[in-house]
Amino acid sequence: MGTAGLGPLPCVPPPDQTARVPRAEILKCQNLRKTFGDLVAVDDVSFTIEAGETYGLLGPNGAGKTTTISMIAGILERDGGQVLISGRPHGTTSRWGKKQIGYVPQDLALYPDLSARENLRFFARLHGLGRAEARARIDEVLRMIGLTERAKDPVKEYSGGMKRRLNIGVGLLHRPPLLILDEPTAGVDPQSRNAILESVAALAGEGVAVLYTTHYMEEAERLCDRIGIIDLGRIRAEGTRRELVGLVGELDRISLTTGGAQAVPKELETLPEVRKAGSHEGRLEVMVEDARKSLPRVLAAATDAGVVVRAVEVHEPNLESVFLHLTGKALRD
Amino acid sequence: MGALLLITAKDLRLRVRDRSVFLLAIVVPFGLAAIFSLVFNGVDDQARPTFAVADEDRGQIAATFTGQVLGPLERQGVIALRTAGGEREAAAMVGRGDADAAYVVPAGFTRAVLGGHAAELRVIGNVDAPIGSFVARSVAEAFVADVRYVRVALATKGGGTPEEALRVPAPVGIEDFAAERRQLSLAEGFAAGMAVFFLFFTVQFGFSSILDERRDGTLARLLAAPVPRATIVFGKLLGGVVVGVVSMTVLMVAADLLLGAEWGNPLGVGVLLVAGVLAATGVMALVATVATTAEQAGNVQAVVAVLLGVLGGVFIPIQQIGGVFAVLSLVTPHRWFMQGLADLHGDAAPVLAVVPTLALLGFAAVTTGVALLRAGRMLRP
Ligand SMILES: Nc1ncnc2c1ncn2[C@@H]1O[C@H](COP(=O)(O)OP(=O)(O)OP(=O)(O)O)[C@@H](O)[C@H]1O
Ligand SMILES: [Mg+2]
């Protein structure tokens, strides 16, 4: 930590949050580390989540989100660091800790030959709910995920979105104080996605601490109180959306569509107003102080370098720009 | 314990939904056993075995055997009899193929039996005529059991208690030069062989369903649940054991009712059966640990199950082949299971087949133990 540009950057608490009452710390990860052979999948990851807080891990494919979450959920042995759940050390053998966690895996984890109710019953009882308690809670969860009508049908006959909803429902059964959701909206239509985001927000409103991974910037921006930007196993920066955007300074982003793979030309990179430039999927992304002022010179430099510019977009700073600023690449690959 | 049974119950529910388990566990083995025994019974009818009899005893019991046991069988056309001058001539007749098997009643046989001493009725089998040798032995077995019965009755009449009578040793033993001492009937042999052969396929899902759960992602959920990993593994193993015991019980009872099989003391058979299921479960679990996917596990398990089945003599009565195969067959649970049933067979049989049962439990302990040590690598999301 502390190496400028690599370790998590320090964040100043914004003035509008000073009135906030400190809440119980539900999850604390310290220096988590996991290697697979030579690959360091998770490297020195630390963060905390309080009750009622939603923390987003935002990062591209392969960043180490699922690996981090698996260590927290007690599924995967860690190679270093520690996890505390409400202050108690937690690992693959901690039964108490596992009762505190509701885990929703990234991939569907359901028995296709069982009905929704049978799936829910099995996992509810596995988490120690009594028979009657389980029955009542299953009805509640079915209502929450809108599957009451289809509860008796085998899961293999469900649509993708229904399976996704059930996948989340299983994680809610035992009313965990910490909910871990690994890309719960992957492959879900916008309407269902909206419903999922709303339920997560409602749970956080009830005091549940939520750990949410995604590679959708919009989801992180909309849902999460704090966001950790993760890439190549490391948390590059952490803070509220406002704090993170503040890291980019007042920089704007000019996006030039080139319609073909295109390296960043030297002429562009060496312009005095260009702070950073990168290329991605037929686009040149250029970070500048003031887009309106520097746009003509950026365009001229690109054209001089022989770049064919098909379209130009100017972006206000957002998490995408933050990610580009921190890692030199775009969030989505 | 609750979580363990929960996992087992869930696995069983999935198996029942997936009807193939009934096919593999009951329909196929029973069907094959029935077909085999019909076919071989047909062969019996066509080829009437010829037995040589060498009576070196010339006593009352020997006369009973030849006159009252073998005589009626010959008159019914079940067997043909030829007289041999002595043991050497009898062996020569079997060797030349003039007889499928020979009985030798040694000198002093009657005296020994009447005096309550151990006596020997010898059966000389012909390796090239397994069915004839088999029939010869079955007949001798039945006779031996009868003679003991007589002894027991005498002992009781003579003033002793029934308990004392039961302790009287069987005065007549069969010495068989070609094979093991006790044997199952053809129908019984095939029913038991098919049952134990398919048992290995029936129980294989138990442990290797860990790989299914890994494929379906549900293993991550099991690992995230507040349940020790050992509970997950034992829950899985128990699922296989339950299906194995149910299927074996159904098959044995069905063979009894439909094929006329007689299995011996229910307690001994039950204990042997459970030991056999545990051994099969352990072997299949161990095999599954070399695989990384459920499909791979299924393939390797099938190969192992067939190899062990062939070696264990479920298709060919391996003890008839002798030599290396007879020794190799001892490394298969199949052989011990069949041996156990043979030991429990007949009126004079013990309550428990101690050695085969212990051998099967040994298989179970070793294979399950090693599988558990290796299970850690399967319990990853
Ligand atoms: N079991 C494993 N064996 C070897 N490498 C692994 C294993 N699991 C993950 N990795 C590697 O670790 C890195 C991080 O993977 P991880 O699944 O945590 O990424 P992620 O951020 O969840 O990505 P995605 O958004 O695609 O889900 C990747 O390079 C991945 O290939
Ligand atoms: Mg992932």
Which distance in nm do the two modelled labels at B:Leu328 and A:Phe36 give, with both placed 7 Å along the Cα-to-Cβ direction? 4.2
When the scattering of segment B:230-381 is computed by the Debye formula from its Cα atoms alone, each counted once and equally, what is log10 I(q)/I(0) at q = 0.11, 0.14, 0.18 Å⁻¹? -0.46, -0.73, -1.14
Would you be so kind as to list the residues of segment B:222-241 that have their accessible area lowered by at least 20 Å² in the full protein complex compared with their chain by itself (1.4 Å probe)? B:Leu222, B:Leu223, B:Ala224, B:Ala225, B:Pro226, B:Val227, B:Pro228, B:Arg229
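Restricting to the protein assembly as shown, compute how many DSSP beta bridges are antiparallel as a %, nearest 5. All intermediate terms of the calculation are to be shown ahead of the outcome.
Working: 44 of 78 bridges.
Expressed as a percentage, antiparallel bridges in the protein assembly as shown total about 55.
Carbon-plus-sulfur fraction of the accessible area of segment B:186-305, 1.4 Å probe, in percent? Mind dumping the intermediate values first?
Numbers: 2480 of 3480 Å².
In segment B:186-305, the share of accessible area belonging to carbon and sulfur is 71 percent.
Taking only protein heavy atoms and a 1.4 Å probe, what accessible area per residue, in Å², does chain A have with all protein chains in place?
Numbers: 14900 Å² over 333 residues.
The answer is 45 Å² per residue.
Taking 56 Å as R0, compute the FRET efficiency from the Cβ-Cβ separation of B:Arg377 and A:Ala305 and round it to 0.05. Could the numbers behind the result be given before it?
Details: r = 53 Å, r/R0 = 0.95.
After rounding, the FRET efficiency stands at 0.55.
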Pairwise Cα inverse-distance average, inverted: Kirkwood Rh of the protein assembly as shown (Å): 31.3
Across peptide A:108-115, how many C-beta atoms of other chains are within 10 Å of each residue C-beta, on average? 5
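Would you list B:Thr218, B:Thr66 from the most to the least accessible area, probe 1.4 Å? Display every interim value, and only then the final one.
Values: B:Thr218 0, B:Thr66 40 Å².
Per-residue accessible area, sorted high to low, gives B:Thr66, B:Thr218.
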Ignoring ligands, DNA and RNA and using a 1.4 Å probe, state the total buried accessible area between A and B in Å², rounded to the nearest 100. 2300
Dipole magnitude (debye, nearest 20) for the protein assembly as shown, charges at Cβ of Lys, Arg, Asp, Glu: 1240
At a 1.4 Å probe, which residues in segment A:123-137 are at least 10 Å² less accessible with all protein chains present than in their chain isolated? A:Phe123, A:Arg125, A:Leu126, A:His127
Rounded FRET efficiency, nearest 0.05, which uses the C-beta distance separating A:Glu218 from A:Glu289 and R0 of 30 Å: 0.70
Counting only the backbone N, which residues of segment B:255-282 are under 14 Å from the spot 7 Å out from the Cα of B:Val366 toward its beta-carbon? B:279-280, B:282
Two-site label geometry, B:Leu358 and B:Arg96: point separation in nm, points 7 Å out along Cα→Cβ: 4.7
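Assuming R0 = 25 Å, what is the FRET efficiency of B:Arg17 and A:Ala136, from their Cβ-Cβ distance, to the nearest 0.05? Spell out each step's value before the answer.
Numbers: r = 26 Å, r/R0 = 1.05.
It comes out at approximately 0.45.
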Would you calculate, for chain A, the mean residue ellipticity at 222 nm contributed by helices, counting each DSSP H stretch of 4 or more residues as -39,500 (n - 2.57) and dividing by all residues, to the nearest 500? -9500 deg cm²/dmol
Convex hull volume per residue in cubic angstrom - Cα atoms of chain A: 160
Calculate what fraction, in whole %, of the accessible area of segment A:251-316 sits on carbon and sulfur atoms when a 1.4 Å probe is rolled over the protein chains. 47
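Classify segment A:162-225 as rounded, prolate or oblate, taking a ≥ b ≥ c as the square roots of the eigenvalues of its Cα gyration tensor: rounded when a/c is under 1.5, otherwise prolate if a/b is larger than b/c and oblate if not.
Numbers: a/c = 1.70, a/b = 1.16, b/c = 1.46.
Verdict is oblate for segment A:162-225.
The values are calculated or read from the model by the stated rules, or taken from the named source; none is laboratory data. This one's a predicted model, so the numbers in the text were calculated from it and none came from an experiment. When we count neighbours, we look across all protein chains shown, and the Cβ atoms used for this are built from the backbone with ideal geometry, even at glycine. Ligands, DNA and RNA are stripped out before the accessible areas are found, and what is left, the full protein with its side chains, is counted by its heavy atoms. Shrake-Rupley method; radii C 1.70, N 1.55, O 1.52, S 1.80 Å.
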